[in-house]
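**Q** Input: one structure, supplied below.
The values are calculated or read from the model by the stated rules, or taken from the named source; none is laboratory data. All figures in this text were calculated on a predicted structure; none of them were measured in a lab. Neighbour counts are summed over all protein chains in view; Cβ atoms, including those assigned to glycine, are modelled from backbone coordinates with ideal geometry. Ligands, DNA and RNA are stripped out before the accessible areas are found, and what is left, the full protein with its side chains, is counted by its heavy atoms. Shrake-Rupley method; radii C 1.70, N 1.55, O 1.52, S 1.80 Å.
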Amino acid sequence: MQRETETSPPPRAGRKEWIGLAVIALACVLYVMDLTVLHLAIPAISADLRPSSAELLWIIDIYGFVVAGSLITMGTLGDRIGRRRLLMIGAAAFGVASVLAAFSTSAGMLIATRAVLGVAGATLAPSTLSLIRNMFLDPRQRTQAIGIWITSFSVGGAIGPLAGGVVLEFFWWGAVFLLAVPVMAFLLVLGPRFLPEYRDPAAGRPDVASAALSLGAVLAVIFGLKQIAQDGLAWLPALSIVAGLAIGRAFVWRQRRLADPFIDLGLFRTRAFSASLATYGIGILLVFGGFLFLPQYLQLVLDLSPLEAGLWTLPWALAFVVGSNVTPIIARRIRPAPLMAGGLAMAAAGFAVFTQVDGGSGFGEIVLGSVLFSLGTSPLFTLTNDLIIGSAPPERAGAAAGISETSAELGGAMGIAVFGSIGVAIYRGVLAGAVPAGIPIAAAEAARDTLAEALTVARDLPGGVGAALIEVARGAFTQGLHVTAVISMIGAIALAVFVLTLLRHVPTPSAEEEPAFPPDRFLPPDHPEWPGHWETPPVAWEALGVGVDGPDALEQARLALVEMPEDLRQVILLRDVEGRTPDEVREALSLGPEEELAMLHQARSLVRARLERHFEGRGNDGGP
């Protein structure tokens, strides 16, 4: 008899899972494209719908606001109703809302449809990331899959403006929204075939009050940060942030008192989860801060057209794609903490390059600095998401993904607000004491507002005076770029120390061991209660499968579970994989004693029959 202490690795993903990942990645590309593609259509929308200035801001911002506020809710909802089911609902809603947005007849209608798009878009990121948690059980494959998932966001950000420009060249502004329709139709057709369903079978009903509190807290903080980035520090955005923090405190208080909390606060007591979450959010803050002024520098200082500036951003987008896909290979030999710290050191070197650029710099310095920080930060984004999802229980993966993406949204908003405020303050401070003589007071005041305004004012001034103003304004903007680059460099080094301190004990991804179950430990065929079933069921195996000896038997048991009806699979997973008591299973699935017993017997019979066919085909007892 083989020893019960033997272990076997989790099953590796096959072609079906990788095709499913491609479907997921396509949805994520579209999710990011919808964040960027609208900006090119704003002039046409303004001419057609004639929105007020406030309405125009809401048309631009409402999608991002609603996405940020809904991520935690959607992640938790996916755990409860099924992640694939939520993804399909979100895809259908996204497609319908895209059509309505394309044919909007007023600014109010476009704002409303963009809000619906935000709710639908919030289902994509947490659902897809949590599905990866269940599709790729092998840790190394999961890291690789998350690298591809991260890459899809970079690809969406890179091609969004280009795709929007091409569409607007030949069609009306509404066509930019119709890009989503065939992609979502594609997802609705292929999703049920290639994506597995998973939900927490013991989850209770969603707590509506918790969902409202989480939405209100995130929206208030994001709104305040964006207002600070746009108009500077004032009472309204400050009060909004304070209100958001107070609502967040109420949310945490409620979670501690609920029997079935909306978010399991115990996740934050896991060092790998909490430290990775903080690292991810701070990393996003640094990247947004470091990237914030580069597009403006290319257009307003180096005087490139929007298309030319967009093309010069491609090198760092491609570097991020390369880094995200190389990271899983390097991570097999290097622990996550030193790998991320080394990447952050490279990113710091990239920010250091930005401190040397000036109006006479060539594009080589811009490309070198941006490629260095893209390559350097890609391990951070891939590995922190892997650690966040991997450290959460499978039934909480959706909530963990929602928290992760909310951290990214808050980090991005803080990066824009903090670095934007610093850059603007430096620009105005430098320009205030360096305005050339002979410039009218009104023109000088306008020039101190933004660099774009300074260039506009300079065109209306006499040649020599206008040229002097342009030179001074561009110099002031470049100084702001230098200071923010120095802050980003110091922040990257500090974050590297933080990672080395708190995540140094996290091992390299490897094949996790799981409880094994020898195939010759079945009960006899004439057993009165469970004829032919296993004698001691395996317990606490977190994957969709049953541990058995032999290189192929595990896959056979897993296939049996995948093929059986969902209700039978839930019963056998709870009883034989998670080791729950019959009473717990009956309560979780609302079953009577006889019904639960009959379903468990049927499910075990299906697994047993599949194993028997496998053993008979091999002519042995299933051992290696």
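**Q** Is the shape of the stretch 40-174 rounded, prolate or oblate, going by the alpha carbon gyration tensor and its root eigenvalues a ≥ b ≥ c, with a/c under 1.5 for rounded and a/b larger than b/c for prolate?
**A** The shape class here is prolate.
**Q** Based on the mean of other beta carbon atoms within 10 Å per residue, what is the order of 82-88, 499-505, most packed first?
**A** Ranking the peptides 82-88, 499-505 by packing returns 82-88, 499-505.
**Q** Can you sort Ser370, Ser391 by solvent-accessible area, 1.4 Å probe, largest first?
**A** Putting Ser370, Ser391 in descending order of accessible area: Ser391, Ser370.
**Q** Quick check on packing: order 26-32, 467-473, 446-452 by the mean number of other C-beta atoms within 10 Å, highest mean leading.
**A** Top to bottom by mean Cβ count within 10 Å: 26-32, 467-473, 446-452.
**Q** Which whole-Hz ³J(HN,Hα) couplings does the stretch 469-477 yield from phi under the Karplus relation 6.51 cos²θ - 1.76 cosθ + 1.60, θ = phi - 60°, glycine and proline marked x?
**A** For the stretch 469-477, the Karplus-derived couplings read 5, 4, 5, 5, 5, 5, x, 5, 4 Hz, x marking Gly and Pro.
**Q** Only Cα pairs under 8 Å and at least 6 apart count here; give the relative contact order of the stretch 66-219 as a rounded whole percent.
**A** 44
**Q** Something else: Take each of the peptides 566-573, 259-266, average the number of other beta-carbon atoms within 10 Å over its residues, and list them starting from the highest.
**A** Highest-to-lowest ranking by the protection proxy: 566-573, 259-266.
**Q** Using the Cα gyration tensor of the stretch 329-441, with a ≥ b ≥ c the square roots of its eigenvalues, what is the shape: rounded (a/c below 1.5), prolate (a/b larger than b/c) or oblate (neither)?
**A** oblate
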